[in-house]
1. Give me the compactness ratio for the chain, meaning the Cα radius of gyration over 2.2 N^0.38 Å.
2. Rg (Å, one decimal) plus Dmax (Å, integer) for the alpha carbons of the range 525-591?
3. Using the alpha-carbon centroid of each, what span in Å lies between the range 429-466 and the range 537-615?
4. Once the convex hull of the alpha carbons of the range 669-750 is built, what does its volume come to per residue, in cubic angstrom?
5. Sorting 454, 651 on the 10 Å Cβ count, fewest up front, what's the list?
6. Using Cβ counts within 10 Å as a stand-in for footprinting exposure, how do 211, 114, 552 rank, fewest first?
7. Provide the gained length on full extension for the span residue 749 to residue 613, in nm with one decimal, where the gain is 0.36 nm per separating residue minus the Cα-Cα distance.
8. Between the range 661-689 and the range 621-645, how many Å separate their Cα centres?
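Bear in mind that the values in this text are calculations on the coordinates, not laboratory data. This is a predicted model, so every value here is computed, not measured. Virtual Cβ from ideal backbone geometry, glycine too; neighbours counted across all protein chains shown.
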């Protein structure tokens, strides 16, 4: 039930108007949004959020439960012709309010027109507070002279009737805290953090947690400001991913818990800077060689930005995932989760080093057939990855598919839709595979017309234009190969290449890298549906997180080699379980919102490619990490080796483990990863019939002592998940100690009270 109540109290030169949007919820619990006007402000609030528009300056304050306050927030556009224009630079700020109902729910929207006679452009700012959800979304539209308030919703990229471009920008910001505008942001708590998210999951660059004071950097698409002890905080991020790459530039103040500047803007395009650490500007950006493309028109709109804060940052993250799905959609998956074997853990480019060769894949198939529990919930997939096509021809893969089918298995297929690997000096003489078009015509180029290197080197990777007709032709030939081998599982890789900025695209309507990438991903999904059918499982490997709606899952990290830590002697300084879980600890919310599953890559039963052998403890820690993330179960082992085969029978055929991975769920973090140390100690739990508690200790010198309550009532027996060994009992508080370099997956089983203590039946 909705009720709108208006009252008016008049005074000399002033008026106060109050509006309440009340919702009668199940159980007769009443929530309300209120609106109050005065001569110098407009206040909109509910029981968790308060928004204050200062009508004389145009600045906006946001206050969230949990002690999160933003003061004097502004928006701006940096126009290529008119320069920088802030909302507070304009003299007049007329506004209107409206009750709305859209895909996010019921809400109250403020429309503010920042304008005056001295500036050619005006800025339309929209701020919406959603009832019950406590989400705030906001955007900013730069409007050309004469653009009426009611017509600013037209698509970015349009032009005036005269054909003259009036607004042109590559930098537009709906939310900024700036010292020059007396802006300030503060959060309550003793351990404030800023979450810095890389643009994609390439190069083993993880999420970082920046500490006060003097932390500065840029996060991509979303970020969070939170207290690491109490987990109160604010999530801010983009909800639209079809036009802009969104950057979140931050600089902390000297005072703990305060931000000097925070700028959330559309138009991020950053190069890799090899002299900087990987997660601090070295390889965590957009990998662009050129500035972000400009948007032009009589009205250019920013990305739509989400803000949610409160006493539990985890709920705000889940809300962010749900809001993205409500706006952009998502793929679902019927039935149990896929399980798979992937060849990359055995050999890099399959066939090139002649480690596996075709007969070896058949032996893997025979081995997997012997694992009855691994095969119980869904038909296992043989995922043949990045193979040498002169050895693994389509005919050969088709024969492997027939062999796999006899063993009750399915085939996977691998390709990169927007990238071609070739010799640098051969681009002009090379045809785009499967087409008669020169690669030199399709590859993305810089301002001098030279091919952009996505992965530089004599043998390198080159991005191809997602909007070029030849790219579509190439993708069709790849999918026809997938159809020929009866593939039901697709791994698509190096997708970031398609999002790189270029001065031009074949489709002139695509002026930015993200427009071209979204165009390409939509095309890929449509072609998959039309050529292979709608029930094909799609996993993204190296890729931006957004747009998310074209796949069923995405790698949380780059390839995971399954050793415990990045500094482990004899192993590469990347791809460890610690590094992937430290990143994943902040990303479990994507499972069940953006995608049905996450993907922490494969587990390994003996060794990854030519790396040293793993210990059995490392394998168990790796499997528990995959469980905590709600990951698919995939393996990359060479089961022709006796030790790998023995361990595979022990772990990959464990009935409880396989049952969990048939319907994996991401655990809720209790203790996040923090900072750059490899000595992370992380905790998660998953409530259910038997609650699971997962504790990870990547400190190889000291134990991890965890004490806490999960809010469960009664007495519980704690049993080790795989072995069933009793770890102890607990009631209100659980105490467990994890040895150095180890993990515990504890199952909390309710303990029946003694017969004498049970209530007697009454007849």
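1. Taking N as the residue count of the chain, the ratio is 1.00.
2. Final numbers for Rg and Dmax: 15.4, 49 Å.
3. 29
4. On the way: hull volume 6.9 nm³, N = 82.
Each residue corresponds to 84 Å³ of Cα convex hull volume.
5. 651, 454
6. Values: 211 17, 114 27, 552 22.
Final ranking by Cβ density, sparse to dense: 211, 552, 114.
7. 45.5 nm
8. Here the answer is 18 Å between Cα centres.
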